[in-house]
Amino acid sequence: MFADRFGLSARSIYLLFGAWGGFAWSLINAAWFLYYVTVAHLDPLQLVLVGTALEASYFVWEIPTGVLADAYSRRMSVIAGTAIIYLAWIGQGLVPLFVAIAGFEILRGLGEAFTHGAVEAWVAGECGDDGLEALFLRETQLTQIVGLPIGVVLATVDLRIPIVLGGALGVALAVLLVFVMPERHHPRRDEARTWRATVGTARRGLWAVRRSALLVALLGAEFFWGAASEGWDRLSDAHLLLDLGFPPFGVTPVVGFGVLSLVGTILIIVTAQVIRRLVQRVDERVVSRWLVAMQVARVACQAVFALAPWSALALALGFLNSMLRASFYPLFNAWLIRRTDEDVRATVLSTTSVASAIGQVGGGPISGAIGNSYGIPLGILSSVAMLVPGTLFLARAVGLRGRAIASDVQEARATTV
């Protein structure tokens with residue numbers, strides 16, 4: 001394997017993947033929303049339908065790609081997915097038409113399905129379970145650092161430039177990973193590359209979900225989080241731009257939203273660092289309670305954001321929501337990974353993500369249609385309403401896990417006695 005010649009650790013490669021991929025995404029993130037609205041001229045419903053196309057594709061491919069990652073190679077899943085994702089962004093930057101953008105989002109859904117779950121399962125397999133929360137949060141910091149200012153400068157020249165350039169850098173990252181990304185500890189290496197192993201992995205992963213009340217509750221949570229996220233992701237910036245008149249003082253939208261993203265990035269970095277240090281000092285039950293509290297706070301932030309009469313209040317709430325969201329998912333992924341067997345982790349993660357994708361396919365168009373007919377604030381509020389059941393399902397899962405821990409403790413004491 002090429003990676004053995006370079007001798008880089010899996011931890012270093014994971015952080016490199018986060019830093020390089022984060023830079024490429026930051027370039028794209030500086031321009032994609034304004035590109036959709038001002039160059040491709042998408043209305044609120046089309047904004048959401050583009051996301052629905054992405055999630056529908058993701059839904060179709062997520063479990064098959066997760067099974068392939070577990071049965072064959074998580075490394076190759078990550079490489080293939082990265083290349084596909086950024087090729088799709090290049091295509092979107094070159095063809096500013098709704099139909100073309102939706103088509104490239106369908107392609108990107110395949111790439112996202114390849115990478116999701118495979119990345120986390122790969123790093124857990126190569127590095128072990130210890131310290132996953134800190135590593136995932138560290139990667140979150142690296143993915144948020146340097147690309148936005150450059151993307152904003154390029155976007156002031158042409159909104160297409162940072163999108164296409166970010167896509168090209170992402171494809172280059174995929175090529176680099178071919179040479180430097182190791183896979184020394186695939187749990188089913190000896191049985192890989194056989195159809196029987198692939199089917200067996202799928203069955204074990206799906207059975208792991210079906211037999212666990214905790215994972216079933218998390219499926220419900222992911223479904224409603226997905227239903228809520230699509231409307232928020234596609235309509236929150238549109239609300240600031242079209243309803244609240246952001247940016248003020250005659251600042252151009254490119255610069256205004258660039259500064260907005262940069263400030264949000266700094267806040268996310270600081271939050272991830274604080275959470276990374278705190279999580280090292282607390283036990284699992286405290287982390288579980290934090291996860292629920294973060295989701296409750298997100299419901300409140302998004303609801304008040306939709307009703308805020310001033311852009312300043314909406315911005316403050318938007319920043320807080322971004323900080324909570326960026327802190328939640330690394331902790332949640334590590335929390336979930338510890339509850340699944342090593343040889344089916346990517347499959348289980350993929351299954352929970354399919355629930356999220358189904359939610360986004362169903363919930364996104366509803367929020368988009370409401371936003372188109374009754375105004376963007378009501379569209380956002382409809383997304384908030386979908387977030388509430390997801391929080392209740394998470395609380396249910398945390399309660400189940402807490403009872404399981406208490407039962408284990410009692411059994412250990414009884415054995416000792």
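The values are calculated or read from the model by the stated rules, or taken from the named source; none is laboratory data. Because the structure is predicted, anything quoted here is derived from the model rather than measured. Quick reminder, even Gly has a Cβ in these numbers, built from the backbone with ideal geometry, and neighbours come from all protein chains shown. The protein model used for the area step is the full one, side chains on, heavy atoms only, and it has no ligands, DNA or RNA in it. Shrake-Rupley method; radii C 1.70, N 1.55, O 1.52, S 1.80 Å.
With all protein chains in place and ligands, DNA and RNA left out, the 1.4 Å accessible area ranks MET76, MET294 as MET76, MET294, largest first. Given a 1.4 Å probe and the protein chains as shown, SER229 ends up with an accessible area of around 20 Å². Residues whose amide H falls under 5 Å from that of LEU159, counting only those 5 or more places apart or on a different chain, are absent, with hydrogens built in the peptide plane.
Computed with every protein chain present, the accessible area of TRP225 is close to 10 Å² [probe 1.4 Å]. 3J(HN,Hα) along the stretch 353-361, derived from phi through the Karplus expression 6.51 cos²θ - 1.76 cosθ + 1.60 where θ = phi - 60°, amounts to 5, 4, 4, 5, 5, 4, x, 5, 4 Hz, with x in place of Gly and Pro.
Largest first, the residues PHE179, PHE98, PHE33 sort by 1.4 Å accessible area into PHE179, PHE98, PHE33. Near SER73, no amide H atom lies under 5 Å from its own; only residues 5 or more places off or on other chains count, and H is placed 1.01 Å from N. Shown are CYS301, CYS127, whose ranking by accessible area with a 1.4 Å probe and every protein chain present, most to least, is CYS127, CYS301. Taking a Cβ cut-off of under 14 Å around TRP61, the surrounding Lys, Arg, Asp and Glu residues balance to a net charge of -3, with basic ones at +1 and acidic ones at -1.
The phi-based Karplus calculation (6.51 cos²θ - 1.76 cosθ + 1.60; θ = phi - 60°) puts the 3J(HN,Hα) values of the stretch 151-165 at x, 5, 4, 5, 5, 5, 7, 7, 4, 6, 4, x, 5, 5, 5 Hz, whole numbers, x for Gly and Pro. When all alpha-carbon pairs of the stretch 1-118 are counted, what percent fall beyond 25 Å? Here the long-distance tail beyond 25 Å is 30 percent of all Cα pairs in the stretch 1-118.
To the nearest 10, the accessible area of GLU183 is 20 Å² with a 1.4 Å probe. Converting phi to 3J(HN,Hα) with the Karplus coefficients 6.51, -1.76 and 1.60 and the offset θ = phi - 60°, the stretch 15-21 yields 5, 5, 4, x, 5, 5, x Hz in sequence order, with x at every glycine or proline.
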